[in-house]
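Read-outs throughout are calculated quantities, based only on the coordinates presented, and are distinct from any laboratory measurement. Being a predicted model, the structure only gives us computed values, none of them experimental. All Cβ positions, even for glycine, are placed from backbone atoms using ideal geometry, and neighbour counts span all protein chains on display.
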Amino acid sequence: MKMLQDKIAIITGAGTGIGQGIALHFAEEGAAVALLGRSTASLEKTKALIEDIGGTATVHSASISDEAQVEAALDEIFQAHGKVDILVNNAGIVHDAEFLDITYESWLEVVGTNLNGAFLMTQRFGRRIKDTGGGAIVNIASIDANGYDGPQCAYTASKAGMVGLTKNNAKDFGDMNIRVNSVSPGWTYTPMIEDFLSANALSYMQTRFDRVPMKRLVKIKEVAEAVGFLASDRASGISGIDLPVDCGTLATLYVHESLPE
């Protein structure tokens, strides 16, 4: 039997990158997937990819930082699928700005999507499944929750908050048989990375990334595999953890390697 056979999963931000990879992996493992996001065009592309491999998916439009839209989307999903077993809070945005320069509006936008969105989705999902026998929630955090990784203070703060929320929710939902975990990807090879980096930098990070013990970028499939495991019954005793998928990045403080000869 496939790992997620007959499960129903909601995945936010499923139109591109890691979210799309998670949705495809879930479908491959037997789950029916509700794809949630602001851009229905990108979600429809993910749905088509899922249907190409014989899977089942539905598309639902909402901004997860808007309470009314979250409620409406979840009502729609539960009506379409009945009992839902899994929520993956993947949707997220980033904004580059030095701390003294970032506008309050930009700060609120990032935190609103990344952290407030996870709060709203988790709370309203939890209310709907608390008496149905259990389920699983997996939050996509980031190794950036552990420290500075460029001028992205709002992103770092929101991801650190998501790890904290994960641990809090593991206690909140524990006696309802709802497990809550997070996965923290390291630098991952996504279409956004291709747009952001030069060809030379991308080649370096793919083959000789000295900051990373495994010398390469993480693959989307590797993140998806971790999320799928934590969402499955194979992880039935695991709740409240943050699982880095980072090719070993957090294993070293990189002090010795950065010293002059």
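Can you tell me how much longer the chain between A41 and E194 gets when fully stretched, taken as 0.36 nm per residue apart minus their C-alpha distance, in nm with one decimal?
53.0 nm
Select from G13, M176, L197 the residue farthest towards the positive end of the dipole of the chain; place +1 on Cβ of Lys and Arg, -1 on Cβ of Asp and Glu, and compute about the Cα centre.
M176
GNM on the chain, C-alpha springs below 10 Å: top fluctuator among V138, V223, V70?
Top of the fluctuation ranking is V70.
Give me the one-decimal nm value for the distance between modelled label points at I238 and L108, 7 Å along each residue's Cα-to-Cβ direction.
3.8
For I93, enumerate residues with amide H under 5 Å from its amide H, sequence gap 5+ or separate chain, H modeled in the peptide plane.
Hits under the 5 Å cutoff: N114.
Output the direction-averaged projected area (hull surface divided by four) of the convex hull of the alpha-carbon atoms of the stretch 1-145, in nm².
That works out to 9.2 nm².
Report the gain in length on full extension from E71 to T252: 0.36 nm times residue separation, minus Cα-Cα distance, nm rounded to one decimal.
Going from the current span to full extension adds 60.9 nm.
Where does the chain land at 222 nm, in deg cm²/dmol rounded to the nearest 500, when only DSSP H runs of n ≥ 4 count, each adding -39500 (n - 2.57), divided by all residues?
Result for the chain: -13000 deg cm²/dmol, rounded to the nearest 500.
Using amide H atoms built in the peptide plane, which far-off residues or other-chain residues are under 5 Å from T58 H to H?
V33, A34, L35
Arrange R127, R38 by Cβ neighbour counts within 10 Å, fewest through most, would you?
Final ranking by Cβ density, sparse to dense: R127, R38.
Quick check: net charge around R128, other residues with Cβ under 15 Å of its Cβ, Lys/Arg +1 and Asp/Glu -1?
-3
Tell me, what ³J(HN,Hα) does each residue in the stretch 210-216 have, in order and in whole Hz, if you take phi through Karplus 6.51 cos²θ - 1.76 cosθ + 1.60 with θ = phi - 60° and put x for Gly and Pro?
Listing the rounded values in order: 4, 5, 10, x, 8, 6, 7 Hz.
Checking the table K7/K171; K7/K167; K83/K159; K83/K219 against a 26 Å threshold on Cα-Cα, which pairs fail?
Exceeds cut-off: K83/K159; K83/K219.
Express in whole angstrom the spacing between the alpha-carbon centres of the stretch 214-248 and the stretch 49-76.
So the separation of the two Cα centres works out to 23 Å.
Going by C-beta contacts inside 10 Å, put E29, E261, E109 in order with the fewest on the left.
E261, E109, E29
How far is helix 40-52 tilted off the main Cα axis of the chain, in degrees rounded to 10, range 0 to 90?
Computed tilt is about 80 degrees.
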